[in-house]
Amino acid sequence: MLTISELKAMLDAYDGLIVDGHELSSGNLEQDTEPGTKPSVFYKVFEGWSPLIAHTCDKQWSEFNERLLEHIRGMNLADQDLDEALENIQLDDSHWRWLNKSIIHRGDAYRWFFMVAEEKPQAACLIYHPKDSAIDGEPIFYIEYVAVAPWNRKNPMEVRRFKKVGSTIVQCASEYAITKLGLRPGYCLHALPKAIPFYESLGMKPFSDHDKADLPYYELPEECYTTPGECE
């Protein structure tokens with residue numbers, strides 16, 4: 001049996017990002033600049049288990065985070081300003097290792113989704129199904145993990161590359177769950193602390209009796225998916 005180190009070495013031998021999943025969706029990403037200042041960038045969202053993309057997420061995202069932390073250290077900030085700078089970046093999920101997760105989370109109950117643009121993974125999402133809704137007991141899906149590439153988050157080193165990446169990949173997963181898995185609209189998750197305002201802005205509701213340690217449980221009601229205006 002291969003070790004993780006041996007598997008990484010094999011994956012490192014590939015030249016470029018090879019995508020072997022099923023293409024679900026495509027479109028143009030919204031860049032975080034003034035409209036019309038840069039050409040649009042084409043993306044694709046794929047469904048399917050892919051250790052190669054997962055490993056690429058680990059490498060490229062970790063490299064960016066390391067450069068970001070080095071940049072912040074080089075700003076020579078006072079202790080209070082340094083604490084504020086670190087608080088304003090999102091590193092809650094920087095310890096996640098997507099290759100490890102791809103090995104652990106396999107089987108019919110799991111579905112993998114990756115967004116690719118510019119030959120780089122821009123976002124990743126893993127869902128589990130079915131999950132009983134805390135609202136009505138109907139089958140929905142649970143987001144095990146979702147993250148965007150760190151260059152798609154606001155940071156003091158450079159302009160955020162793309163906007164709405166996370167919501168786009170979750171929307172693709174939702175449509176897949178409805179049309180392919182036969183689940184009712186809506187999904188649930190345990191939220192990382194810094195992501196809570198984003199989930200609440202979508203209309204997701206907390207259910208404290210489903211909390212896990214320091215991660216609060218949130219669920220998107222069906223009406224917020226089918227008629228988002230009702231949840232604004």
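The values are calculated or read from the model by the stated rules, or taken from the named source; none is laboratory data. Worth saying up front: this structure is predicted, and the values here are computed from it rather than measured. Positions of Cβ are generated from backbone atoms using ideal geometry, with glycine treated the same way; all protein chains shown enter the neighbour counts.
Residues LEU77, LEU24: which one is touching a residue at least 12 places away in the same chain (Cβ under 8 Å) and farther than 22 Å from ARG161 by Cα? Explain how you work it out, then say what you get.
Details: LEU77 fails: touching a residue at least 12 places away in the same chain (Cβ under 8 Å).
Unique residue meeting the criteria: LEU24.
Restrict the check to region 140-156 and report whether at least one residue is modelled with pLDDT under 95, polar (S, T, N, Q) and either under 12 Å from the mean Cα position of the chain (by Cα) or within 19 Å of GLY21 (Cα to Cα) (or both).
No, region 140-156 contains no residue that is modelled with pLDDT under 95, polar (S, T, N, Q) and either under 12 Å from the mean Cα position of the chain (by Cα) or within 19 Å of GLY21 (Cα to Cα) (or both).
Output the qualifying pairs, or none if there are none: Cβ atoms under 7 angstrom, residues six or more apart or on different chains, first residue in region 175-195 and touching a residue at least 60 places away in the same chain (Cβ under 8 Å), second residue part of a loop (DSSP other than H, G, I, E, B) and surrounded by fewer than 21 Cβ atoms within 10 Å (Cβ to Cβ).
From region 175-195, the pairs are LEU192/ASP92; LEU192/ASP93; PRO193/ASP92; LYS194/GLN90; LYS194/ASP92.
Check region 177-195 and report whether any residue there is out of contact with any Leu (no Cβ under 8 Å at 6 or more places or on another chain), crowded, with 20+ Cβ neighbours inside 10 Å and within 30 Å of LEU86 (Cβ to Cβ).
yes
Taking region 89-113 only, how many residues are more than 12 Å from the chain's Cα centre (by Cα) and closer than 16 Å to ALA54 by Cα?
Matching residues across region 89-113 total 12.
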